[in-house]
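Undergrad: There's a structure below that I have some questions on.
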Amino acid sequence: MDLFIIILSVVAGLLVGGVIAYFTINAAMAKKREKIVKEAEIEGENIKKEKNLQAKEKFLQLRSEHEAHVNERNNKLSQAENKLKQREASLSQQISEYQRKNKEVDAIRENLIQQIDLVEKRSEEFEKIRRQQIEKLESIANMTAEEVKNILIESMKEDAKSQAMAFINETIDEAKLTASKEAKRIVVQTVQRVATETAVENSVTIFNIDNDDVKGRIIGREGRNIRALEAVTGVEIVVDDTPEAIVLSAFDPVRREIARLALHQLVTDGRIHPARIEEVVDKVRKQIEEEIVDIGKRTAIDLGIHGLHPELIRLIGKMKYRSSYGQNLLQHSREVANLSAIMASELGLNAKLAKRAGLLHDIGKVPDDEPELPHAVLGMKLAEKYKEKPEVCNAIGAHHDEVEMATLIAPIVQVCDAISGARPGARHEIVESYIKRLKEMEDLALSYPGVLKTYAIQAGRELRVVVGSEKVTDQEAERLSFDIAKKIQDEMTYPGQVKITVIRETRAISFAK
């Protein structure tokens, strides 16, 4: 009984506690809902204010943009109105000017009418007198005036035709001859006014000695002297049975000259041993460097060229020890400079710039590093590096057509370079090998399918290839020029560069029978 009462009490307590908890939680939830609702209302009010503010700002922005657009349109309208007023004023002025001129024209016309009336009256009188004279002449000559007029007209026609044909033929012949004659005159006068020597250099230098006993001293004990000399100079020294002579062989003329001067000093001094050889060679090398700079300065002074960069002066002096096909490079450059100046003067161009470009046109053949570039392009880059004028740089780079000619000096330098190299005695090349090289070049291009004819021109600097239009398309012609150039580059030896020109033309032939 007690247990039942206890259980009942517990159950009752739980029920009461649950009811109390329910009401308590429900009250708390109600408060929380009220709080959330208030916060939502406050946040909504803030969002509403923010949106209203954004709307006002957008409205103000749109209104300002509209006002700016309206102002701009008003400005344009005002400008157009001003232009229209100006045009109206100008038109009014033109109308008044036209009216004034119209009045002047009316006055002139009235005056002309009066003069015409006077002329007509006088013409009638003259015609009357002329008819009387004609009647008298007809009665004297027993011929009508019409017959005489026809005879005179025919005679004048024949004379006019013969004179006109003679004048036309003379004009055409003179026009044909004038251009060729003038060009020949300029070239001939230019060549005649430049006198140069014809010298052919080889890859060996002969060093003369007083007696053959000196050969033994140059060779030294067990050949140590000659080995030391060859090592420091880079020159092959040939001591053979040639009497009173020693041969210095090297492709670099500077090294040959250093070896020659060093040998001269050693033989004159009499002390020949490895240490002395190294000392003398170093001293001679410095002397050669100084001499190179001095030669460059003297060349620039002789030609009247000023303001050259010191490095360009050094390269000009170094030209003395370089040759191309046996032609001394400094002599060739001086010749091209003089030719260019004379030809530019004949054509009314800047002779100083032409002379400067002519002297520097082969400067790319003598740099110390000698990168893998065509000498014309390398020379142009060197000239640009040392602040030469664009006309000079372009003439240097374009004298073998590596770059496009941009000034009139460029073709002058190119022509003068060809004149200097092509004149008799300027360069040395065995004729048989020269002809053989050109023949091989033509045969190489002729071996390609579709090629009809090949011509090596410009002393082997250009190869023209004629192809059949029915066998080779335009795209194939471009590829053919590239393939031929690649094959010549890989298989042949030639100076400078070779330009490959592929010619493809279409001919339509019909016969009228």
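Only the coordinates and a few stated rules stand behind these numbers; no lab work does. The structure displayed is predicted, hence computed values, not measured ones. For neighbour counting, all protein chains shown are included, and Cβ atoms are generated from backbone atoms with ideal geometry for every residue, glycine included.
Undergrad: Determine ³J(HN,Hα), in whole Hz, for all residues of the stretch 258-272 in sequence, where each value follows from phi through the Karplus function 6.51 cos²θ - 1.76 cosθ + 1.60 and θ = phi - 60°; x replaces Gly and Pro.
TA: Listing the rounded values in order: 4, 5, 5, 5, 5, 4, 4, 5, 5, 5, 5, 6, x, 8, 10 Hz.
Undergrad: Leaving out same-chain residues fewer than 8 places away, which lysines sit with a Cα under 28 Å from that of K56?
TA: Here the lysines satisfying the reach criterion relative to K56 are K38, K48.
Undergrad: Could you tell me the convex hull volume per residue, in Å³, taken over the Cα atoms of the stretch 14-76? Don't jump to the answer; show the numbers that get you there.
TA: Numbers: hull volume 2.6 nm³, N = 63.
Per residue, the Cα convex hull of the stretch 14-76 comes to 41 Å³.
Undergrad: For K157, which lysines qualify as cross-link partners when the Cα separation must be under 17 Å and same-chain residues fewer than eight apart are set aside?
TA: Within reach: K149.
Undergrad: What do you get for trypsin sites (Lys or Arg not before Pro) in the stretch 459-493 restricted to DSSP loop and a cutoff of at most 15 other Cβ within 10 Å of the site's Cβ?
TA: Values: sites: R461, R464, K471, R479, K486, K487; in loops: R461, K471.
Listed in order of number, the matching sites are K471.
Undergrad: Related question: Too long at a 19 Å Cα-Cα cut-off: which of K286/K365; K439/K499; K297/K352; K365/K385? Could you put the intermediate results ahead of the total?
TA: Values: K286/K365 22 Å; K439/K499 16 Å; K297/K352 17 Å; K365/K385 16 Å.
Violating the 19 Å limit, Cα to Cα: K286/K365.
Undergrad: Can you order the peptides 382-393, 263-274 by their average number of other Cβ atoms within 10 Å per residue, highest first? Mind showing how you got there, number by number?
TA: Values: 382-393: 18.5, 263-274: 15.4.
The packing order, highest mean first, is 382-393, 263-274.
Undergrad: Using 7 Å Cα-to-Cβ label points, what is the T24/D240 separation (nm, one decimal)?
TA: Taking the two extended label points, one gets 13.0 nm.
Undergrad: Amide H of V502 versus every other amide H placed in the peptide plane: which residues, excluding those fewer than 5 positions away on the same chain, fall under 5 Å?
TA: Amide H neighbours of V502, under 5 Å, 5+ apart: V465.
Undergrad: Which whole-percent values make up P(r) of the stretch 209-342 when all C-alpha to C-alpha distances are grouped in 10 Å steps starting at zero?
TA: In order of increasing distance, the bins hold 12, 36, 26, 18, 8, 1 percent.
Undergrad: Further, regarding this structure: Check the straight Cα-Cα distances from K471 and name the lysines below 22 Å, setting aside those fewer than 8 residues away within the same chain.
TA: Answer for K471, where 22 Å is the Cα cut-off: K453, K486, K487, listed by chain and number.
Undergrad: Quick one: which residues, 5 or more positions from A245 or on another chain, have an amide H under 5 Å from its amide H? H modelled 1.01 Å from N in the peptide plane, none for Pro or chain starts.
TA: Residues meeting the amide H criterion: I209.
Undergrad: At 10 °C and 1.306 mPa s, grab the translational diffusion coefficient of the stretch 46-88 from Stokes-Einstein with a Kirkwood Rh over Cα pairs, rounded to a whole number in µm² per second.
TA: Working: Rh = 12.7 Å.
Taking Rh from Cα pairs, D becomes 125 µm²/s.
Undergrad: Once amide H atoms are placed 1.01 Å from N in the peptide plane, what residues at a sequence separation of 5 or more from Q497, or on another chain, have their amide H within under 5 Å of its amide H?
TA: So Q497 has HN proximity to no qualifying residue.
Undergrad: What net charge do the residues around T299 carry, taking every other residue with its C-beta under 14 Å from that of T299, with Lys and Arg at +1 and Asp and Glu at -1? Walk me through the numbers on the way to the answer.
TA: Values: positive: K297, R298, R314, K318, K320, R322, R334, K355, R356; negative: E291, D294, D302, E335, D362.
Once positives and negatives cancel, what remains is +4.
Undergrad: Rounding to the nearest 20 debye, state how big the charge dipole of the stretch 287-391 is about its Cα centre with +1 on each Lys and Arg Cβ and -1 on each Asp and Glu Cβ.
TA: 300 debye
Undergrad: What ranking, highest mean first, results for peptides 16-24, 309-317 when packing means the other Cβ atoms within 10 Å averaged over each residue?
TA: Numbers: 16-24: 10.0, 309-317: 19.8.
Per-residue Cβ counts within 10 Å, averaged per peptide and sorted highest first, yield 309-317, 16-24.
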